[in-house]
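**Q** The following block contains the structure, expressed as structure tokens.
The values are calculated or read from the model by the stated rules, or taken from the named source; none is laboratory data. Given the structure is predicted, the values throughout are model-derived calculations rather than measurements. Please note: Cβ atoms are built from the backbone with ideal geometry, for glycine as well, and neighbour counts cover all protein chains shown.
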Amino acid sequence: MDTEKTSVLVPDEIIGSKILLIRGLKVMLDKDLAELYGVSTGNLNKAVKRNIKRFPEDFMFQLSSEEFEILLFQFGRARWGGTRSIPYAFTEQGVAMLSGILNSDRAIAVNIQIMRIFTKLRLMVTDTLELKLEIEEIKKKLQNQDKNIELVFNYLDELINKQVNPPPRKGIGY
């Protein structure tokens, strides 16, 4: 299989847009994965159910009805067709496990692409976290410098007051 063909199979932006944050986890829904793999959602879920031991709760979970309602609200409700059952969400590990049960060339190529995008996302989050920590350090330094500058100005004010209003001197002699 030609690696150049697999890299443009599905644009990265499309795959990236299908990664959602649910329960604090980056996941992809069964319908989106099925679409990317070129299979029906029903067939994807049947393959998963035949191999359910490969998909513990931290690899795949079914959305609650509340989570499903929120998704429907965000993406809009279809008047006809569309999702009739509550979807399954696959974490990065669950998507990786799908590569073991879906063996078409397209599924393998798309899976490799999805794994690369998950890795990019993880690196972006790490970089963002490092930037936030650096910004916090700079803020702390600036706050300390503000306090030091204020202290210097207070000392200058005291010195100016002493020069303007010198204390009375005791006379020398008798």
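**Q** So the check is Cβ under 8 Å with 6+ separation or different chains; which pairs have a first residue in the stretch 20-41 that's within 17 Å of F118 (Cα to Cα) and a second one that's among the small types (G, A, S) and surrounded by fewer than 17 Cβ atoms within 10 Å (Cβ to Cβ)?
**A** Y37/S104
**Q** Would you please name the residue that is nearest to A107 (Cα to Cα), looking only at residues in the stretch 42-70 that are touching a residue at least 24 places away in the same chain (Cβ under 8 Å) and among the aliphatic types (A, V, I, L, M)?
**A** L44
**Q** Is there any pair linking a residue in the stretch 104-122 that is closer than 12 Å to G16 by Cα to one that is of a type in the set (D, E) and surrounded by fewer than 20 Cβ atoms within 10 Å (Cβ to Cβ), with Cβ under 6 Å and at least six apart or on different chains, and which?
**A** I117/D12
**Q** Regarding S85, is this residue exposed (fewer than 13 other Cβ atoms within 10 Å of the Cβ), touching a residue at least 60 places away in the same chain (Cβ under 8 Å) and either closer than 30 Å to G38 by Cβ or polar (S, T, N, Q) (or both)?
**A** no
**Q** Can you find a residue that is under 30 Å from G16 (Cα atoms) and at pLDDT 80 or above anywhere in the stretch 147-169?
**A** Within the stretch 147-169, not a single residue is under 30 Å from G16 (Cα atoms) and at pLDDT 80 or above.
**Q** Among the residues that make up the stretch 119-132, is at least one of them modelled with pLDDT under 80 and assigned to a loop (DSSP other than H, G, I, E, B)?
**A** The answer is no; no qualifying residue exists.
**Q** So I138 passes all but one of these: (1) in contact with a Leu (Cβ under 6 Å, 6 or more places away or on another chain); (2) β-branched (V, I, T); (3) assigned to a helix (DSSP H, G or I). Which condition number does it fail?
**A** Evaluating I138 over (1) in contact with a Leu (Cβ under 6 Å, 6 or more places away or on another chain); (2) β-branched (V, I, T); (3) assigned to a helix (DSSP H, G or I) leaves (1) as the failure.
**Q** For the stretch 68-84, how many residues are touching a helix residue (DSSP H, G or I) at 6+ places or on another chain (Cβ under 9 Å) and modelled with pLDDT of 70 or more?
**A** 0
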